[in-house]
Amino acid sequence: MEFDPEAESMYRWLSGAVVPRPIAWVSTDGPAGRNLAPYSFFNVMCVAPPILAFAPGRTPDGDRKDTLRNVTERGSFVVNLVPTGLAEPMVATAATTGDDEFGLAGVTATRGSAVDAPRVAEAPIAFECRLHDTLDLGSNTATFGRVVRFHADEELLVDGKLDTTRFDALGRLAADYYCTTRDRLEVPRPD
């Protein structure tokens with residue numbers, strides 16, 4: 001099979017083929033209150049300085065979503081990472097509600113240490129970010145944040161370092177499908 005991406009929507013092809021994707025459960029604060037929404041168009045962009053990026057789409061009528069509006073107006077956000085135990089609360093926040101998404105999901109908002117945006121207290125890993133830049137890419141806006149504070153639950157650490165085998169991160173597939181990181185394959189790198 002082969003087709004011209006200009007002739008057909010690429011959303012289902014890209015989101016179904018580029019898997020698994022990490023999930024940024026982004027929390028912000030804005031004029032309408034606290035906002036919490038998941039984004040699977042997300043990843044690490046740079047380590048020095050530490051930059052994360054997520055790319056929110058637009059509403060059906062072409063407006064910026066609350067998350068992006070809050071980030072650009074307030075200049076900060078928190079990326080909360082999602083363990084499998086928070087799958088249902090995270091999915092609950094995917095709907096556009098206008099309500100307090102923290103309450104909708106049944107999770108606790110706790111004040112950020114270095115930014116005004118709240119973070120999810122139950123999330124075992126969170127990155128407090130200040131807006132670095134945005135880049136409109138058509139239907140999405142790449143939103144870059146400089147990490148100014150890192151939070152990790154103590155049980156994820158071994159000798160003061162993050163042990164990824166202790167964090168059962170949720171990954172995004174497509175449609176209603178997600179995956180876990182319980183099955184791991186270790187392949188040592190050559191010297």
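General remarks:
- For ALA32 and ALA175, the FRET efficiency from 1/(1 + (r/R0)^6), where r spans their Cβ atoms and R0 equals 25 Å, is about 0.30.
- Backbone HN-Hα couplings from phi across the stretch 5-18 [Karplus 6.51/-1.76/1.60, Hz, Gly and Pro as x]: x, 6, 8, 9, 4, 9, 3, 5, 5, 5, 6, x, 9, 8
- For the stretch 129-139, backbone phi angles converted through the Karplus equation (6.51, -1.76, 1.60; θ = phi - 60°) give residue-by-residue couplings of 10, 9, 4, 9, 5, 10, 9, 6, 10, x, 7 Hz, Gly and Pro being listed as x.
- Relative contact order [Cα under 8 Å, 6+ residues apart], the stretch 1-80, whole percent: 29
- Most mobile listed residue (THR164, THR93, THR134) in the chain, GNM with C-alpha springs under 10 Å: THR164
- Label-to-label distance, nm, for residues given as MET10 and LEU137 (7 Å Cα→Cβ offset): 0.9
- A dipole drawn for the chain from +1 and -1 charges on Cβ atoms has a positive end, and of PRO60, ALA126, PHE167 the residue lying farthest that way is ALA126.
- Helices in the chain, meaning DSSP H runs of at least 4 residues, each add -39500 (n - 2.57). Divided by all residues, the mean residue ellipticity at 222 nm is -3500 deg cm²/dmol.
- For the stretch 155-179, the residues whose amide N sits under 15 Å from a probe point set 7 Å from the Cα of ASN43 along the beta carbon direction are 172-173.
- Modelled FRET efficiency - R0 41 Å, ASP191 with ASP100, Cβ distances, 0.05 increments: 0.20
- Length gained when the stretch VAL158-GLU73 is fully extended (0.36 nm per residue, less Cα-Cα span): 26.8 nm
- Amide H contacts of GLU122 (H built 1.01 Å from N, under 5 Å, at least 5 apart or other chain): THR108
- The chain, relative contact order in percent, only Cα pairs under 8 angstrom and at least six apart counted: 23
- Between the C-alpha center of the stretch 130-191 and that of the stretch 1-25 there is a gap of 20 Å.
- Exposed loop sites, defined as GluC sites (Glu not before Pro) outside DSSP H, G, I, E and B with at most 12 other Cβ atoms within 10 Å, are absent from the longest region of the chain, namely 9-185.
All of the numbers you see were taken from the coordinates with simple rules; none came from a lab. For clarity, every value in this text was computed on a predicted model and none was experimentally measured. Heads up, the Cβs are rebuilt from the backbone with ideal geometry, glycines too, and the neighbour counts pull from every protein chain shown.
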